[in-house]
1. Of the numbered conditions (1) away from the ligand (no atom under 16 Å from the Cβ); (2) touching a strand residue (DSSP E or B) at 6+ places or on another chain (Cβ under 9 Å); (3) small (Gly, Ala, Ser), residue 433 fails exactly one; give the number of that condition.
2. Would you point out the residue of the stretch 358-398, among those that are of a type in the set (Gly, Ala, Ser) and within 16 Å of the ligand (Cβ to nearest atom), that is modelled with the lowest pLDDT?
3. Identify the residue in the stretch 303-343 that is without any contact (Cβ under 8 Å) to a residue 40 or more places away in the chain and within 16 Å of the ligand (Cβ to nearest atom) and, among all such residues, is nearest to the chain's Cα centre (by Cα).
4. If we scan the stretch 116-137, do we find a residue that is more than 16 Å from the ligand (Cβ to nearest atom), of a type in the set (Phe, Trp, Tyr), open to solvent by 30 Å² or more (accessible area, probe 1.4 Å) and within 26 Å of residue 30 (Cβ to Cβ)?
5. Yes or no: the stretch 166-188 includes at least one residue that is open to solvent by 10 Å² or more (accessible area, probe 1.4 Å) and at positive phi.
6. List the pairs whose first member sits in the stretch 187-216 and is within 16 Å of the ligand (Cβ to nearest atom), whose second member is in a helix (DSSP H, G or I) and open to solvent by 40 Å² or more (accessible area, probe 1.4 Å), and whose Cβ atoms are under 8 Å apart, counting only residues at least 6 apart or on separate chains?
7. Does the stretch 366-379 contain at least one residue that is in a helix (DSSP H, G or I), surrounded by fewer than 17 Cβ atoms within 10 Å (Cβ to Cβ) and either out of contact with any Asp or Glu (no Cβ under 7 Å at 6 or more places or on another chain) or on the phi < 0 side of the Ramachandran plot (or both)?
8. Can you tell me how many residues within the stretch 199-230 are within 22 Å of residue 311 (Cβ to Cβ), in contact with an Asp or Glu (Cβ under 9 Å, 6 or more places away or on another chain) and open to solvent by 10 Å² or more (accessible area, probe 1.4 Å)?
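The values are calculated or read from the model by the stated rules, or taken from the named source; none is laboratory data. Quick caveat: nothing in here was measured; it's all calculated off a predicted structure. Note that each Cβ is placed from the backbone with ideal geometry, even for glycine, and that neighbours are counted across all protein chains shown. Quick note on the areas: whole protein, heavy atoms, side chains included, nothing else; ligands and nucleic acids left out. Shrake-Rupley method; radii C 1.70, N 1.55, O 1.52, S 1.80 Å.
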Amino acid sequence: MLHKKLKPFPKDFLWGASTSAYQVEGANLTDGKGPSCQDVKQVPEGTSPLDVCADQYHRCIEYYNNVINECLKYNIVPLVTMFHFDMPAALDKRGSWSNPESVDWFVNFAKVMFENYGDRVKYWLTINEQNMLTLVGPVIGTLCIPEGCTNILKETYQQNHHMLVAQAKAMALCHEMLPGAKIGPAPNISLIYPNSNKPEDTIAAQNMNAIRNWLYLDMAVYGKYNNLVWSYLEENDAVPEFHEGDAEALANGHPDFIGFNYYSTGTVEASDGTEVAGGDQQNSRGLPGVAHNVKNPNLMKTEFGWEIDPIGFRNTLREVYSRYRLPIVITENGLGAYDTLTEDGKVHDPYRITYLREHIKQMREAITDDVEMMGYCPWSAIDLISTHEGMKKRYGFIYVDRDEFDLKTLDRYRKDSFYWYKKVIATNGEDLSDL
Ligand code: BG6
């Protein structure tokens, strides 16, 4: 559809920016907190201590209350993600998500958060990128497979099942405890294209879309396993076991909106059965018998080799909305790059501005397509430690003066993109021009 006139962003559109606890806070053993799986596994290997990160925790005493109160003071609406890749190490030892009790651990955790912050937090996201935990757990330091396990795929999907039940119960609890609040999932969703018009490439793309994307949203919204995924799990002897009450819990959890992270699309062709599972989301070879990943020659890449596809963002928004008809908030979208701090304390990052501008333009096209958008939170508010490429890969609007191993001053500097995004927010997305 070529639109003649673009609709404006909604009046109450939420312009934000995201971070995650374990990637910015530091203070990993402070105030009674124990280590998480990330402290134990240290991915990327050798990354300078997670006890510092961007040193965010020490800058706000009574951390979470202060962050929330400070946001509210400036009319910033906090959106809280409950779990972002950091299972407590003590629970990892008890089997992590493999343990059926993990459902109760998560629901209790949700209850504590609703009790303590529910008076001020109105938007909640459950589990960040559950699909990446399931598909590329070893790359991001989250997968915990109990010793002696002989069917890793089955175990992984059993963990995934526990997360889905935990999420559904947390959504129901949120509605019970906080009637005015809204809650939704936060997977990483990106449309998978067929590499050609060969019908078998479309089958491969459908398979991959189901396994990578729709499984998670179908479960969150309808409480039902996607049929293509179920068939894949059956074929691979990896069907998860339902415990008593699971089906009912899944049917009773309803999101109020869909949150998702978007970085890029994928492209696949028919599987020849020889693919080896593994790699990160950009470098995986595909799934044996499901789809074969290929590079898309029509797309540019970031300095870190991630394909850039703003139009794919519109494609993905259109597809998600037409499948689920729930408002959408983008919980992550951004460019990882090498940034340089100049002697006069500036960071010139036109590449980041270009990336965000092109994505925001496509979001507006999607709004004009009648996709109901609630908000957009780029990744990330401030520089943080990338999941597997360390501090050198920066995403923030705010530069943190530290290197991979040298903690330097930890001072903060606003990048050019900070001032640019400030203008975007002030004009509610109307002015995307350079500064
Ligand atoms: C998302 C994660 O997958 O992508 C973030 O939720 C992560 O935690 C972001 O930082 C970018 O990925 P990476 O690997 O470049 O840090």
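1. Condition not satisfied by residue 433: (2).
2. Within the stretch 358-398, the subset of a type in the set (Gly, Ala, Ser) is 366, 375, 380-381, 386, 390, 396.
Adding the requirement that they be within 16 Å of the ligand (Cβ to nearest atom) leaves 380-381, 386, 390, 396.
Details: 380: 97, 381: 98, 386: 94, 390: 91, 396: 98.
Checked the stretch 358-398; the qualifying residue modelled with the lowest pLDDT is 390.
3. 305
4. The first filter runs over the stretch 116-137 and keeps only residues more than 16 Å from the ligand (Cβ to nearest atom), leaving 116-124.
Filter again for of a type in the set (Phe, Trp, Tyr), leaving 117, 123-124.
Among the residues that remain, those that are also open to solvent by 30 Å² or more (accessible area, probe 1.4 Å) are: 117, 123.
Retained after the next criterion (residues that are within 26 Å of residue 30 (Cβ to Cβ)): 117.
So far as the stretch 116-137 goes, yes, one or more of its residues are more than 16 Å from the ligand (Cβ to nearest atom), of a type in the set (Phe, Trp, Tyr), open to solvent by 30 Å² or more (accessible area, probe 1.4 Å) and within 26 Å of residue 30 (Cβ to Cβ).
5. No: the stretch 166-188 contains no residue that is open to solvent by 10 Å² or more (accessible area, probe 1.4 Å) and at positive phi.
6. 212/135
7. Step one: of the stretch 366-379, the residues in a helix (DSSP H, G or I) are 366-368.
Filter again for surrounded by fewer than 17 Cβ atoms within 10 Å (Cβ to Cβ), leaving 368.
Filter once more, so that each one left must be either out of contact with any Asp or Glu (no Cβ under 7 Å at 6 or more places or on another chain) or on the phi < 0 side of the Ramachandran plot (or both): 368.
For the stretch 366-379, residues in a helix (DSSP H, G or I), surrounded by fewer than 17 Cβ atoms within 10 Å (Cβ to Cβ) and either out of contact with any Asp or Glu (no Cβ under 7 Å at 6 or more places or on another chain) or on the phi < 0 side of the Ramachandran plot (or both): present.
8. Residues meeting the conditions: 1.
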